[in-house]
Amino acid sequence: MATHGELEVEIVAADHFVWSGAARTVNARTANGQIGILPGHAPILAILEAGELSVEPVNGERLVVGVDGGFFSVDSNRVVIVADNARVGGSVTPESA
Amino acid sequence: MGAQIRVYRQKIASTTSTRKIFKAMELIATSRIGKARTRVAAALPYANAITRAVSAVSSQSEIDHPLTTERGEVRRAAVLVLTSDRGLAGSYSASALKQAEGLFETLRSEGKDVKAYLIGRKAQSYFDFRGRGYEQVWTGNTDAPEFETAREVGAALLSCFLEDYEDGGVEEIHVVYTKFRSMVVQEPSVMRLLPLEVVDEQVTHEGDLLPLYEYEPEPEQVLDALLPRYIESRIFAAMLQAAASELAARQRAMKSAGDNATELIKKYTRLRNTARQAEITQELSEIVAGADALNAS
């Protein structure tokens with residue numbers, strides 16, 4: 001459970017669970033451009049563009065996840081990233097997905 | 001007499017070798033069920049997240065999206081039937097097809113045309129044999145479905161749904177698949193895919209109200225992007241359930257086939273022994289009779 005001032009992030013792909021944990025920030029690309037999510041962000045539901053999104057976990061290295069479309073929702077510090085295909089550490093190509 | 005024994009020996013030998021095949025297929029199915037069930041579970045977070053999002057958008061904004069609105073008059077419906085590629089799974093495909101036939105019957109009695117979309121070679125051959133047309137068929141990996149296939153199926157059904165009736169479009173889409181209840185119970189069932197009834201039974205544990213989201217870009221566009229994914233995810237879920245059911249059915253069918261083979265081998269062994277004994281007895285009595293005849297002369 002994320003304590004106050006942290007984001008609780010969950011990344012899921014169509015057929016598997018990708019990653020979950022506490023994070024400080026999430027950076028994603030939406031149809032309108034880059035969006036950075038910090039704790040306390042207003043509830044939002046947005047469409048993800050294909051590309052990379054990055055998560056800065058509370059503990060550990062910055063995590064880069066390649067997605068090829070999907071959406072994400074933020075509500076009360078809970079970020080759910082739903083991607084069609086997601087791959088930790090790089091971009092998704094149809095072959096590698 | 002000797003011929004009789006040879007016949008039984010041959011039967012025992014051939015039954016033993018088929019039993020090996022049954023056994024192997026049973027073991028393969030057993031080992032794959034676990035994996036199939038894990039995949040059903042693995043697809044759940046995605047399905048839950050998407051269901052939650054779709055219900056949030058559709059409950060908050062009064063949007064008339066073509067995918068969620070009921071059409072006034074339904075004149076044509078599409079039915080997607082999920083069966084297996086291979087047989088040797090007991091009545092798995094047959095009961096799914098029977099369920100589909102029942103649905104066709106109901107739809108026709110309501111005055112609707114039916115367009116069939118098939119998954120699995122068994123459904124394809126069923127339709128081909130009866131000379132009935134179908135729109136499209138997907139085969140190849142029914143026991144380990146891939147999301148790519150679900151996406152293709154979703155796209156095909158969606159484009160058909162969005163077409164006008166006059167151009168061959170449909171106003172309703174149903175899916176017939178086999179629900180995996182447990183290792184022993186799998187039931188063929190029907191689910192209406194479109195128009196969507198957003199079911200949020202999976203998220204009931206979250207008692208809190210859905211938050212008031214901001215949308216990016218506009219709610220309409222968000223819904224446009226969400227709904228096809230929701231449909232894909234439901235088709236994929238149905239495919240995964242069907243795959244688990246197929247494997248469970250195959251495992252059961254192969255187990256009972258193996259048991260039957262064991263029974264048969266037992267029966268033939270007994271018959272062979274009887275035949276051998278009869279032969280020995282006959283030989284003995286022939287010898288005794290011969291000796292008697294010699295003594296008597």
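The values are calculated or read from the model by the stated rules, or taken from the named source; none is laboratory data. Remember, predicted model here, so these are calculated numbers, not experimental data. Glycine also receives a Cβ, built like all others from the backbone with ideal geometry; neighbour counts cover every protein chain displayed.
Structure values in brief
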{"item": "The lone exception for B:Arg19 - which of (1) under 16 Å from B:Ile231 (Cβ atoms); (2) away from chain A (no Cβ under 14 Å); (3) surrounded by 15 or more Cβ atoms within 10 Å (Cβ to Cβ) it fails", "result": "(1)"}
{"item": "Residue match in the range B:54-64 (condition: under 19 Å from the mean Cα position of the chain (by Cα) and of a type in the set (A, V, I, L, M, F, W, C))", "result": "no"}
{"item": "Matching residues, the range A:29-62, being touching a strand residue (DSSP E or B) at 6+ places or on another chain (Cβ under 8 Å) and at positive phi", "result": "A:Gly51"}
{"item": "Sole residue being aromatic (Phe, Trp, Tyr) and more than 22 Å from B:Ala244 (Cβ to Cβ), chosen from B:Tyr117, B:Tyr92, B:Tyr134", "result": "B:Tyr134"}
{"item": "Restricting the range B:210-245 to residues that are out of contact with any strand residue (DSSP E or B) (no Cβ under 6 Å at 6 or more places or on another chain) and not in a helix (DSSP H, G or I), the residue that is farthest from the other protein chains (Cβ to nearest Cβ)", "result": "B:Glu218"}
{"item": "Per-region count, the range B:136-145, residues surrounded by 15 or more Cβ atoms within 10 Å (Cβ to Cβ), of a type outside the set (A, V, I, L, M) and free of Cβ contacts under 8 Å to residues at least 60 places away in the same chain", "result": "4"}
{"item": "Options B:Tyr213, B:Tyr177; residue that is modelled with pLDDT of 90 or more and of a type in the set (Phe, Trp, Tyr)", "result": "B:Tyr177"}
{"item": "Per-region count, the range B:155-180, residues surrounded by 21 or more Cβ atoms within 10 Å (Cβ to Cβ) and either within 14 Å of chain A (Cβ to nearest Cβ) or among the hydroxyl-bearing types (Ser, Thr, Tyr) (or both)", "result": "2"}
{"item": "Among residues of the range B:48-90, those that are within 13 Å of chain A (Cβ to nearest Cβ) and at pLDDT 75 or above, counted", "result": "10"}
{"item": "Members of the range B:73-100 that are under 19 Å from B:Asp143 (Cβ atoms) and assigned to a loop (DSSP other than H, G, I, E, B)", "result": "B:Thr83, B:Ser84, B:Asp85, B:Arg86, B:Gly87, B:Leu88, B:Ala89, B:Gly90, B:Ser91"}
{"item": "Exclusive hit being within 13 Å of chain B (Cβ to nearest Cβ), closer than 25 Å to B:Tyr230 by Cα and in contact with a strand residue (DSSP E or B) (Cβ under 9 Å, 6 or more places away or on another chain), set A:Val26, A:Val65, A:Val88, A:Val79", "result": "A:Val79"}
